[in-house]
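Everything on this sheet refers to the single structure shown next.
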Amino acid sequence: MLTNTADKIRTKLRQLVENRVAVSSDAAIFETTLIREGMYCGRRFSLEAFDIVYFVEEQQIKFYNPAGQLESSCSLDRFLEESESVRRAA
């Protein structure tokens, strides 16, 4: 995964979570590499029990709330476009 893509996903996760709960500015985002059948398939990003899972092959993003419920799912392109428009509006 390109670092730029990972950075954009981290930024968007922080924005999504900060819109729901108070988050310390130094709160760490935890990441887990996802492996399927011995091959890299994506990455999970976690902050304050919220998760974004990025599936590389499918170019898919899934956002989960602290209860583990899927809140949204979209293509990586759409997800990054939305984060760009949020950043431009700020």
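When all C-alpha to C-alpha distances in the chain are sorted into bins of 10 Å, what percent of pairs does each bin hold, rounded to whole numbers?
The calculated distribution, bin by bin, is 16, 52, 29, 3, 0.
Give the calculated FRET efficiency between Ala6 and Glu37 to the nearest 0.05, with a Förster radius of 25 Å applied to their Cβ-Cβ distance.
0.65
Calculated from DSSP H runs of 4 or more alone, at -39500 (n - 2.57) each and per residue, what is the 222 nm mean residue ellipticity of the chain, nearest 500?
-11000 deg cm²/dmol
Work out the P(r) tail for region 20-62: percent of alpha carbon pairs separated by more than 18 Å, whole number.
Across region 20-62, Cα pairs with separations above 18 Å total 35 percent.
For Gly42, list long-range residues whose amide hydrogen, built 1.01 Å from N in the peptide plane, is under 5 Å from its own amide hydrogen.
Amide H neighbours of Gly42: Leu34, Val56.
Throughout, read-outs are computed from the coordinates displayed, never taken from laboratory work. Note that this is a predicted model, so its numbers are computed, not measured. All Cβ positions, glycine included, derive from the backbone under ideal geometry; neighbour counts span all protein chains shown.
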